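K.L.:
Would you mind keeping the following structure in view while I ask a few things?
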Amino acid sequence: VQLQASGGGLVQAGGSLRLSCLASGRTFSSYAMGWFRQAPGKEREFVAAISMSGDSTKLADSVKGRFTISRDNAKNTVSLQMNSLKPEDTAVYYCAAGRGWVIHTTTSFGYDYWGQGTQVTVSS
């Protein structure tokens, strides 16, 4: 599976962005999908995950109520809608594909495929 993330950019605090991740291959629906982010000088952290069918999601506490993850298995895409953005959301955002059980975790363990990352910068 190859993953291509897009949609990053520069936005003011309080604004919104929508990230998308396009997956290649015909087995997209066999993977749980996740979004992670890494800010300069910090470790990569979990942001959100969605189950293979899309009926279950998991969000980091820091983004609950602001971010929404969704997927369209017919289009091989997973999206991250980010609202009420804060400067601390500034990071490179990565999409990842993993085994079904990763929906129950918040670590990167179990994710087998990673996209190249897209930069999100939130100005104050």
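K.L.:
Roughly how many Å² is the accessible area per residue of the chain, as a whole number, for a 1.4 Å probe?
P.N.:
51
K.L.:
Starting from the Cα of SER53, step 7 Å along the direction of its Cβ; do the same at SER29; then give the gap between the two resulting points in nm.
P.N.:
1.1
K.L.:
Same structure, new question: For a quick check of your reading of the filter: which trypsin sites (Lys or Arg not before Pro) in the range 19-54 sit in a DSSP loop and have no more than 10 other Cβ atoms within 10 Å?
P.N.:
ARG26, LYS42
K.L.:
Output ³J(HN,Hα) for the range 116-124: one whole-Hz value per residue in order, computed from phi by the Karplus curve 6.51 cos²θ - 1.76 cosθ + 1.60 with θ = phi - 60°, and x for Gly and Pro.
P.N.:
Couplings: 7, x, 9, 7, 10, 10, 10, 8, 8 Hz.
K.L.:
On the accessible surface of the chain, probed at 1.4 Å, how many percent belong to carbon and sulfur atoms?
P.N.:
That share works out to 48 percent.
K.L.:
THR27: net charge of surrounding residues, Cβ under 13 Å, Lys/Arg +1, Asp/Glu -1, itself excluded?
P.N.:
Residues near THR27 contribute +1 overall.
The values are calculated or read from the model by the stated rules, or taken from the named source; none is laboratory data. It should be emphasised that the depicted structure is a prediction, and the values quoted were computed from it without experimental measurement. Neighbour counts are summed over all protein chains in view; Cβ atoms, including those assigned to glycine, are modelled from backbone coordinates with ideal geometry. These accessible areas exclude ligands, DNA and RNA; they are computed on the full protein's heavy atoms, side chains included. Shrake-Rupley method; radii C 1.70, N 1.55, O 1.52, S 1.80 Å.
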